[in-house]
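Right, one structure below, let's go through it.
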Amino acid sequence: MSGLQLNDVYLARQRIASLVRVTPMDPSPSLSKQLGVPVYLKLESQQITGSFKLRGASNAIAQLSTGQRAKGVVAASTGNHGRALAYAASQLNVKATICLSQLVPPNKVQAIRDLGAEVCIIGRSQDDAQRQAERIAGEQGAALLPPFDHPAIIAGQGTLGLEIIEQVPDVAQVLVPLSGGGLFAGVALALKSANPNIRLHGISMQRGAAMHASLQAGQPMEVEELPTLADSLGGGIGLDNQYTFAMTRDLCDQVHLLDEASIANGIRHAYFQERQVVEGAAAVGIGALLDGLIEPRGPIVVVVSGRNVDLEQHLRVLAGANQ
Ligand SMILES: *Cc1c(COP(=O)(O)O)cnc(C)c1O
């Protein structure tokens with residue numbers, strides 16, 4: 001196992017208390033009515049930087065020694081992890097370098113620069129950017145911080161689980177978006193330590209669910225990456241996965257896979273019924289409930305993980321499109 005313990009999550013919470021927001025736990029009248037049991041939305045879409053990734057990123061930087069902090073941090077991510085790392089580093093006066101490929105659109109590059117990070121643009125793929133991040137870590141001694149498979153990242157995401165148990169002490173089931181498994185592993189560690197009877201569901205998209213394929217195979221597997229509305233759930237879990245695969249295998253009660261239409265339904269429900277702008281990855285829990293995939297035993301908490309959706313895509317989906 002990972003060796004990670006509940007106490008690591010409590011230590012993470014102390015470290016990041018001044019950097020992250022305690023996010024709202026809103027009852028959903030419409031989903032509660034539909035299911036016949038209380039349903040709550042844990043609105044991590046209202047976290048600073050627009051996703052829960054700030055929890056892990058903040059903890060990973062805050063736990064570095066003074067000497068390590070002086071050498072900075074580095075990552076290759078165009079998405080929510082890069083954004084969160086850039087923000088947390090600027091708050092902690094640590095230099096962050098985010099490596100991006102030449103194919104990343106200029107507005108995304110600028111968004112990461114605006115958060116105070118140094119941007120290094122290299123090559124023509126995410127793999128090229130990752131190799132450059134590793135080179136910088138090697139040459140400058142900067143700490144390479146991956147998006148999920150790292151104990152400090154998992155413990156940071158686990159602070160979300162502590163909030164769930166405090167905000168809904170009698171929670172029976174929790175729905176967690178599942179990709180690399182950093183969010184799932186951290187939340188599951190916190191919740192199953194508090195009460196092993198809480199049922200934990202991991203929700204992924206059908207198009208390229210690497211963790212699901214890996215759980216089925218009994219070892220980390222590669223799957224083809226496909227375009228999906230849940231773009232923040234894309235990507236592999238790493239064939240040399242150290243932590244999140246084993247933790248997800250041991251702590252997950254059930255995995256559900258959603259098609260694009262169900263994810264789109266989740267986005268529309270969030271907007272029209274809950275007045276929330278959420279990205280596809282964050283809408284999968286709502287989509288699973290609307291599809292009737294979850295037995296109606298409550299209270300149910302749905303983790304709504306982020307809001308960083310492309311606005312043109314959001315408008316298309318609200319108008320009825322499923323892509
Ligand atoms: C990263 C991310 C996820 C998945 O988290 P993992 O730790 O990779 O499983 C889900 N939702 C959003 C919005 C994310 O940014």
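The values are calculated or read from the model by the stated rules, or taken from the named source; none is laboratory data. Model, not experiment: these values are computed from the prediction. FYI the Cβ positions are ideal-geometry reconstructions off the backbone, even for glycines, and counts take in every protein chain you see. Heads up: the accessible areas ignore ligands, DNA and RNA and are worked out on the full protein's heavy atoms, side chains in. Shrake-Rupley method; radii C 1.70, N 1.55, O 1.52, S 1.80 Å.
Other residues within the sphere of radius under 13 Å centred on the Cβ of residue 14, judged by their own Cβ, net out at +2 (K and R +1, D and E -1).
Per residue, the accessible area of the chain comes to 42 Å², computed with a 1.4 Å probe over protein heavy atoms only. When peptides 116-125, 251-260, 202-211, 169-178 are ranked by their average number of other Cβ atoms within 10 Å per residue, the highest-first order is 202-211, 169-178, 251-260, 116-125.
Amide H to amide H, with H built 1.01 Å from N, residue 205 comes under 5 Å of 258, counting only residues 5 or more places away or on other chains. Would you mind counting up the charge near residue 258? Only other residues with Cβ under 13 Å from its Cβ, with Lys and Arg at +1 and Asp and Glu at -1. Net charge around residue 258: -2. Here the peptides 225-232, 54-61 are ranked by packing, the mean other Cβ count within 10 Å, and the order with the highest first is 54-61, 225-232. Classify the range 54-144 as rounded, prolate or oblate from the Cα gyration tensor: take a ≥ b ≥ c as the square roots of its eigenvalues, call it rounded if a/c is under 1.5, otherwise prolate when a/b beats b/c and oblate if not. Judged from the Cα gyration tensor, the range 54-144 comes out oblate (a/c at least 1.5, b/c at or above a/b). Estimated from the Cβ-Cβ distance and a Förster radius of 45 angstrom, the FRET efficiency linking residue 33 and residue 139 is about 0.20. Between 0 and 90 degrees, the angle of helix 126-140 with respect to the longest Cα principal axis of the chain falls at about 50 degrees. Shown here for the range 135-171: GluC sites (Glu not before Pro) in loop regions (DSSP other than H, G, I, E, B) with at most 16 other Cβ atoms within 10 Å, of which there are none. Farthest towards the positive end of the charge dipole of the chain, among the residues 59, 187, 244, is the Cα of 59, using unit charges on the Cβ of Lys, Arg, Asp and Glu. Working from Cα pairs under 8 Å separated by at least six residues, relative contact order for the range 150-202 is 46 percent. Here is the list for the range 250-323: trypsin sites (Lys or Arg not before Pro) lying in DSSP coil, each with at most 10 other C-beta atoms within 10 angstrom of its C-beta, are 275.
Distance between the pseudo-spin-label points of residue 125 and residue 108 (7 Å out from Cα toward the beta carbon): 1.6 nm.
Under the criterion of Cα pairs below 8 Å and six or more residues apart, the relative contact order for the chain equals 20 percent. Size descriptor for the chain, Kirkwood hydrodynamic radius: 19.5 Å (Cα pairs only, one decimal).
Taking all Cα pairs closer than 8 Å and separated by 6 or more residues, the relative contact order of the range 54-144 comes to 32 percent.
Taking only protein heavy atoms and a 1.4 Å probe, the accessible area of the chain is 47% carbon and sulfur.
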